[in-house]
Amino acid sequence: MANWITLARLPLLVGIVLLLYVDVPQVQVATAPLVLVLIFMDTLDGVVARRRHEVGMLGSKLDIGVDRIVELVLWIVYAHLNLISVAIPVIFVIRGGLVDTVRSFSLVWGETSFGMMRTKWGRRLVVSGFMRSLYGMSKAVAFCLLALALGLRGQWAGTPQAGVAEAVWIVAVVASWIATAICIVRGAPVLLEARTLLRDLDARVAQQMPPS
């Protein structure tokens with residue numbers, strides 16, 4: 001069940017992207033709550049997995065993969081719509097590529113992607129509920145407000161409410177950069193621990209291979 005919830009985020013993501021490009025401000029405004037649902041589903045699948053005892057390696061990898069697709073697609077779309085700097089999706093792509101490469105080796109240790117963290121400070125920044133919630137909340141605020149700002153700027157252009165639309169957009173941009181900063185902070189421990197984690201990688205792989 002949890003994995004199906006995770007996978008259901010992909011068609012919803014496609015629908016949201018299509019709606020964002022509909023040149024109707026009211027439709028774009030209505031996309032904001034859909035983005036919130038999309039983000040909430042990332043929490044829902046984890047809750048369902050724990051309650052139904054479906055926590056495992058497949059679910060962990062699938063959750064990270066879909067979450068990465070969702071955030072990268074949305075950042076790229078918002079940059080293409082000139083709502084944020086292209087630097088933001090570039091940073092997320094680079095960080096995601098490096099961190100996910102390191103995490104892909106967690107299978108060698110028989111660990112989940114989060115379980116492979118070894119240092120206390122690394123676990124606090126990467127695994128702790130506080131940091132994960134803060135990161136998710138910052139992205140949720142940024143993604144929802146960017147969609148809202150897109151619609152309001154078109155709907156209220158040339159009206160007294162235009163200033164409010166710009167204020168919403170400014171807050172959304174600030175939230176986007178906060179999310180980007182947290183992304184870097186949470187990725188740093190994974191990369192810093194990589195040297196230790198991957199030092200004996202070849203030896204560990206050789207031990208797990210059946211004798212020829």
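Highest mean packing first, where packing is the average number of other Cβ atoms within 10 Å per residue, the peptides 145-155, 6-16, 31-41 line up as 145-155, 31-41, 6-16. As a rough footprinting exposure proxy, the listed residues W169, W177, W4 were ranked by other beta carbons within 10 Å of their own, and the order from fewest upward is W4, W177, W169. Judged by the mean number of other Cβ atoms found within 10 Å, the most tightly packed of the peptides 91-100, 70-79 leads the ranking 70-79, 91-100.
The numbers here are math on the coordinates, done by the rules we state, and not lab data. Fair warning: this is a prediction, and the values are worked out from it, not measured in the lab. Quick reminder, even Gly has a Cβ in these numbers, built from the backbone with ideal geometry, and neighbours come from all protein chains shown.
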